[in-house]
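S.K.: Okay, here's the structure, questions in a sec.
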Amino acid sequence: MKIAVAGVGYVGLVTGTCFAELGNDVTCIDISEDKIKNLNKNIIPIYEPGLKELVIRNREEKRLIFTTNLEKAIKESDIIFICVGTPPKENGEADLSYVENVARTIAKVMDAYKLIVEKSTVPVDTGHKIAKSIMEDNPHKVDFDVVSNPEFLREGSAINDFLHPDRIVIGCESERAKNLMKELYASFEAPIIFTDIKSAEIIKHASNSFLATKISFINAIANICERVGADVEKIADGIGLDKRINRSFLDAGIGYGGFCFPKDTEAFIKISEKFGYDFKLLKAVQEINISQRKYFVKKVERALSSVNNKTIGILGLAFKPNTDDMRFAPSIEIIAMLQGKGCKIKVYDPEAMQKAKYILKNVIYCNNPYDAAKNADAIVILTEWNEFKELNFKKIKSVIKNALIIDGRNIYNPEEIKKQGFKYVSIGRKDVGVF
Ligand code: UGA
């Protein structure tokens with residue numbers, strides 16, 4: 001099928017590339033000339049395992065084109081995916097201006113039937129608004145359908161999530177649209193849920209909000225564990241084996257970050273408010289997430305008596321492993337809080353250093369974990385990269401000033417770390433060797 005993908009951000013690039021990989025002719029469009037120029041030289045703007053290889057292969061086989069010419073791409077395609085950003089506005093609502101711009105351009109140039117697929121995360125009712133604005137400004141009076149087809153891609157495993165999804169959600173309100181979407185996804189084995197457009201839009205916000213709720217729930221449990229001397233990991237296993245609960249997204253830590261959960265929970269609260277519902281549960285989820293970071297900084301202070309004039313080696317900056325994404329990363333706030341208390345910060349991340357340099361000021365960037373640990377009063381783990389799970393502790397011990405690890409992601413077994421001669425503080429588990 002001939003597909004246009006408007007917006008070459010995370011979602012657009014993965015979606016376009018994977019549809020090309022499945023044999024479709026895909027044109028990806030973005031307003032950023034630099035981004036398109038780079039993609040045409042196989043320079044990928046994000047770090048996503050496996051993506052570069054797929055882009056190169058599909059460009060070589062002429063199934064994947066990158067351009068800034070939206071009008072031409074719309075005319076030449078049967079299906080147009082809207083994958084542009086919906087960043088948060090000052091008031092927390094999603095900014096839909098990029099979505100609206102694409103919709104207006106589609107309306108102006110389309111001269112034959114088009115299927116318009118909304119893939120950007122949008123508040124409920126956006127699909128109908130898109131349809132309305134296209135209808136109002138449709139000079140060629142051609143037929144079209146709008147469909148909501150939310151994405152559930154996780155950064156770091158986006159290709160696999162796209163090609164092997166748990167489910168495909170399609171909100172559509174015409175047989176023609178339904179049949180085209182069925183054809184597009186014919187090679188997938190996952191169940192397809194057909195709904196109305198509004199329900200599909202809510203499925204996206206509800207999924208992310210529910211996952212964020214699981215994380216805040218387990219972080220709340222971690223707080224109780226620390227007070228009574230229980231082990232949050234065991235509790236997550238104990239409740240997670242109940243199929244109705246499920247173990248995933250029950251890893252206690254420093255709270256969720258990234259460009260999706262913080263933005264989508266906020267947008268969901270706002271849209272609920274707009275329709276007259278006070279989403280108190282989700283507000284509590286946000287509150288727990290914010291206080292988890294503050295609480296973590298207190299733990300660091302407690303372990304070091306005071307952080308003033310101390311040096312900490314931070315391991316991990318990205319909001320999670322296998323990505324270089326620093327957007328809304330918990331590390332940003334935690335580092336700022338520590339610096340505010342007079343702490344000197346050294347940092348290392350396997351992939352996110354370049355992006356971090358635009359955000360983190362007055363920190364020392366190190367080439368590896370051992371440089372970050374050198375002469376430090378403690379190591380603080382903020383992202384659970386595999387590299388950190390396999391540290392050479394002897395080497396760390398030989399360079400660090402004070403053998404103390406404060407782990408915001410629970411990546412080590414406390415007893416093992418103790419054997420290596422470290423004091424160890426983690427989340428929702430007993431501290432080892434401290435006081
Ligand atoms: C999330 C969803 O998982 C995807 O399904 C969705 O498509 C995507 O948002 C989106 O809306 O585009 P992503 O933001 O890539 O994906 O990251 P997650 O793997 O969900 O992690 C989000 C945050 O939660 C990270 O900061 C992570 O460290 C944290 N987390 C996750 C925990 O603290 N504990 C857990 O048990 C799991």
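Any read-out appearing in this document is the output of simple, stated calculations on the displayed coordinates, not a laboratory observation. Keep in mind that this is a model prediction, so the values were computed, not measured. Glycine also receives a Cβ, built like all others from the backbone with ideal geometry; neighbour counts cover every protein chain displayed.
S.K.: For residue 41, all conditions in the list (1) out of contact with any Lys or Arg (no Cβ under 8 Å at 6 or more places or on another chain); (2) surrounded by 14 or more Cβ atoms within 10 Å (Cβ to Cβ); (3) charged (D, E, K, R) hold save one; what is the number of the exception?
M.R.: Failed condition: (2).
S.K.: Out of the stretch 94-113, which residues are β-branched (Val, Ile, Thr), more than 20 Å from residue 152 (Cα to Cα) and surrounded by 22 or more Cβ atoms within 10 Å (Cβ to Cβ)?
M.R.: Once the filter is applied, which keeps residues that are β-branched (Val, Ile, Thr), more than 20 Å from residue 152 (Cα to Cα) and surrounded by 22 or more Cβ atoms within 10 Å (Cβ to Cβ), the stretch 94-113 yields 102, 106.
S.K.: Just give me the residues in the stretch 379-402 being within 19 Å of residue 316 (Cβ to Cβ) and over 29 Å from the mean Cα position of the chain (by Cα), in sequence order.
M.R.: Those that are within 19 Å of residue 316 (Cβ to Cβ) and over 29 Å from the mean Cα position of the chain (by Cα): 392, 393, 395, 396, 399, 400.
S.K.: Condition test on residue 51, is it away from the ligand (no atom under 16 Å from the Cβ) and either hydrophobic (A, V, I, L, M, F, W, C) or within 24 Å of residue 318 (Cα to Cα) (or both)?
M.R.: So residue 51 fails the test.
S.K.: Across the stretch 393-423, what is the total count of residues that are free of Cβ contacts under 8 Å to residues at least 12 places away in the same chain and of a type in the set (Ser, Thr, Tyr)?
M.R.: 1
S.K.: If you don't mind, there's one more thing I want to ask. Residues in the stretch 356-379: is at least one buried (at least 21 other Cβ atoms within 10 Å of the Cβ), in a strand (DSSP E or B) and among the hydrophobic types (A, V, I, L, M, F, W, C)?
M.R.: The answer is yes; a qualifying residue exists.
S.K.: What number of residues in the stretch 267-304 are of a type in the set (Lys, Arg) and crowded, with 17+ Cβ neighbours inside 10 Å?
M.R.: Here the count works out to 3.
S.K.: Does residue 183 satisfy the criteria of being within 25 Å of the chain's Cα centre (by Cα) and away from the ligand (no atom under 16 Å from the Cβ)?
M.R.: no
S.K.: Take the stretch 189-231 and flag every residue that is within 21 Å of residue 254 (Cα to Cα) and more than 11 Å from the ligand (Cβ to nearest atom).
M.R.: Passing the criteria: 213, 220, 221, 223, 224, 225, 226, 227, 228, 229, 230, 231.
S.K.: List the number of the failed condition for residue 336; all other conditions in (1) in contact (Cβ under 8 Å) with a residue 12 or more places away in the chain; (2) closer than 30 Å to residue 153 by Cα; (3) surrounded by fewer than 21 Cβ atoms within 10 Å (Cβ to Cβ) hold.
M.R.: With respect to (1) in contact (Cβ under 8 Å) with a residue 12 or more places away in the chain; (2) closer than 30 Å to residue 153 by Cα; (3) surrounded by fewer than 21 Cβ atoms within 10 Å (Cβ to Cβ), residue 336 is out only on (1).
S.K.: Next question. Give the stretch 137-164 a look and list any residue that's within 16 Å of the ligand (Cβ to nearest atom) and either more than 18 Å from residue 207 (Cβ to Cβ) or touching a Ser or Thr at 6+ places or on another chain (Cβ under 6 Å) (or both), or say none.
M.R.: 155, 156, 159, 163
S.K.: Would you check if there is a residue in the stretch 7-21 being touching a residue at least 24 places away in the same chain (Cβ under 8 Å), out of contact with any Phe, Trp or Tyr (no Cβ under 6 Å at 6 or more places or on another chain), in a strand (DSSP E or B) and more than 16 Å from the ligand (Cβ to nearest atom)?
M.R.: no
S.K.: If I ask for residues that are polar (S, T, N, Q), part of a loop (DSSP other than H, G, I, E, B) and free of Cβ contacts under 8 Å to residues at least 24 places away in the same chain, which ones from the stretch 38-55 would you list?
M.R.: If the condition is that a residue be polar (S, T, N, Q), part of a loop (DSSP other than H, G, I, E, B) and free of Cβ contacts under 8 Å to residues at least 24 places away in the same chain, then 42 is the only one that fits.
S.K.: Check every one of the helices (runs of 4 or more DSSP H) wholly within the stretch 179-275 and list those with 1 or more residues that are in contact with a Cys (Cβ under 8 Å, 6 or more places away or on another chain).
M.R.: In the stretch 179-275, 197-228, 232-240 are the helices (runs of 4 or more DSSP H) which contain 1 or more residues that are in contact with a Cys (Cβ under 8 Å, 6 or more places away or on another chain).
S.K.: If residue 265 satisfies every condition in (1) touching a Leu at 6+ places or on another chain (Cβ under 8 Å); (2) β-branched (Val, Ile, Thr); (3) farther than 24 Å from residue 167 by Cα but one, which is the exception?
M.R.: (3)
S.K.: Can you give me the number of residues within the stretch 236-263 that are more than 10 Å from the ligand (Cβ to nearest atom) and among the hydrophobic types (A, V, I, L, M, F, W, C)?
M.R.: Here the count works out to 3.
S.K.: Within the stretch 305-333, track down each residue that is crowded, with 20+ Cβ neighbours inside 10 Å, more than 15 Å from the chain's Cα centre (by Cα) and part of a loop (DSSP other than H, G, I, E, B).
M.R.: The answer is 307, 310, 316.
S.K.: Which residue out of 132, 114 is free of Cβ contacts under 8 Å to residues at least 12 places away in the same chain and either in contact with a strand residue (DSSP E or B) (Cβ under 9 Å, 6 or more places away or on another chain) or within 22 Å of residue 174 (Cα to Cα) (or both)?
M.R.: Exactly one of 132, 114 is free of Cβ contacts under 8 Å to residues at least 12 places away in the same chain and either in contact with a strand residue (DSSP E or B) (Cβ under 9 Å, 6 or more places away or on another chain) or within 22 Å of residue 174 (Cα to Cα) (or both), namely 132.
S.K.: Something else about it: Residue 116 versus (1) part of a loop (DSSP other than H, G, I, E, B); (2) crowded, with 18+ Cβ neighbours inside 10 Å: which is the lone unmet condition?
M.R.: Against the list (1) part of a loop (DSSP other than H, G, I, E, B); (2) crowded, with 18+ Cβ neighbours inside 10 Å, residue 116 comes up short only on (1).
S.K.: A further question on this structure: Just a yes or no: is a residue in the stretch 61-84 assigned to a strand (DSSP E or B), aromatic (Phe, Trp, Tyr) and touching a Leu at 6+ places or on another chain (Cβ under 7 Å)?
M.R.: yes
S.K.: Given 130, 82, 168, which one is buried (at least 17 other Cβ atoms within 10 Å of the Cβ), β-branched (Val, Ile, Thr) and either away from the ligand (no atom under 16 Å from the Cβ) or farther than 17 Å from residue 201 by Cβ (or both)?
M.R.: Criteria check complete, one pass: 130.
S.K.: What residue, of 329, 403, 356, is among the hydrophobic types (A, V, I, L, M, F, W, C) and over 23 Å from residue 49 (Cβ atoms)?
M.R.: 403
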